[in-house]
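A short worksheet on the structure shown next.
The values are calculated or read from the model by the stated rules, or taken from the named source; none is laboratory data. The model shown is predicted, which means the values in this text are computed figures rather than measured ones. Cβ: placed from backbone, ideal geometry, glycine included. Neighbour counts: every protein chain shown. The area values use the complete protein model at the heavy-atom level, side chains included, leaving out ligands, DNA and RNA. Shrake-Rupley method; radii C 1.70, N 1.55, O 1.52, S 1.80 Å.
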Amino acid sequence: DENFLKHGGVDWKRTFLAVANQLLKFSSVEFGGSTITQQLIKNITADKARDYSRKIREIIRALSVETQLDKNEILEAYLNTIALGSGINGVQVAANYYFSKELDELTLAECASIAAITKNPSRYSPAINMEENTYRRKVVLTKMYELGYITKEEYDTAYKEEVKLDF
């Protein structure tokens, strides 16, 4: 969610493009329009319907949450509820499970490895498919660099790091 800090809970452009793609099939690659706030709503509600009415409820709830919580609170709640493969929910549990570390002990590459899982936990879990996780981890690092969240030096170091699981 590149625009998390800028939007008010809904990325209207991405939502419109996702709906248009569903209807018009202008791209063979499906992509979602959900923001981190919308994903948080999905994670904490029992609303599992796979239809447009659920998406509308999600949008309404996301807009409401954004008026009640600040971005840091939303992000913290999201990071504590997100599915991260192997039955893991939350980044702290993932750090303990995959690397036997606390969050503040993780390297940037290990953080990116966990972040990589979010796109598709069954595909990108390093416990299931380290090769796919490595590929996706590098995509995450590249995007972090492009968006200015990490320096070139941090990027180069993390990109080259070999991530090892500690089971």
| task | Give, in nm to one decimal, the length gained when the segment between Tyr135 and Asn72 is fully stretched (0.36 nm per residue of separation minus the Cα-Cα distance). | result | 19.9 nm
| said: For the pairs Lys25/Lys138; Lys48/Lys119; Lys6/Lys71; Lys6/Lys143; Lys13/Lys138; Lys42/Lys119, flag any whose C-alpha to C-alpha distance is greater than 20 Å. | reply: Lys25/Lys138; Lys13/Lys138
| task | At a temperature of 37 °C and a viscosity of 0.692 mPa s, determine how fast the chain diffuses translationally according to Stokes-Einstein, using the Kirkwood radius over alpha-carbon pairs as Rh; express D in µm²/s, rounded to the nearest whole number. | result | 192 µm²/s
| query | Where a Cα-Cα gap under 18 Å defines reach, which aspartates and glutamates qualify for Lys55, not counting those fewer than 8 residues away within the same chain? | reply | Asp1, Asp11, Glu30, Asp47, Glu66
| note | Long-range alpha-carbon pairs in the stretch 1-62, meaning those over 13 Å apart, account in percent for 62 percent
| request: Sort the following peptides by mean Cβ neighbour count (other Cβ atoms within 10 Å, averaged over residues), highest first: 60-66, 37-43. | output: 37-43, 60-66
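Quick one: accessible area per residue over the chain, 1.4 Å probe, rounded to a whole number of Å²? Each step should come with its number before you reach the end.
Values: 10170 Å² over 167 residues.
Using a 1.4 Å probe on heavy atoms only, each residue of the chain averages 61 Å².
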| task | Enumerate the amide H contacts of Asn89 below 5 Å, restricted to partners 5 or more residues apart or on another chain; note that Pro and chain-start residues carry no placed amide H. | result | Leu84
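Once you keep just the Cα pairs under 8 angstrom separated by 6 or more residues, what percentage relative contact order results for the chain?
Averaging sequence separation for qualifying contacts and normalising by length gives 16 percent for the chain.
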| remark: Once phi for every residue in the stretch 113-128 is put through the Karplus expression 6.51 cos²θ - 1.76 cosθ + 1.60 (θ = phi - 60°), the whole-Hz ³J(HN,Hα) values, with Gly and Pro written as x, are 5, 5, 4, 4, 5, 4, 5, 6, x, 6, 8, 9, 5, x, 6, 9
| Ignoring ligands, DNA and RNA, what percent of the accessible area of the chain is carbon or sulfur (1.4 Å)? | 55 percent
| task | Take every Cα-Cα pair in the stretch 61-121 and report what % of them are more than 17 Å apart. | result | 43 percent
| note | For the stretch 114-167, the Cα-Cα pair-distance distribution in 5 Å bins from 0, as whole percents, is 4, 22, 29, 22, 15, 7, 1
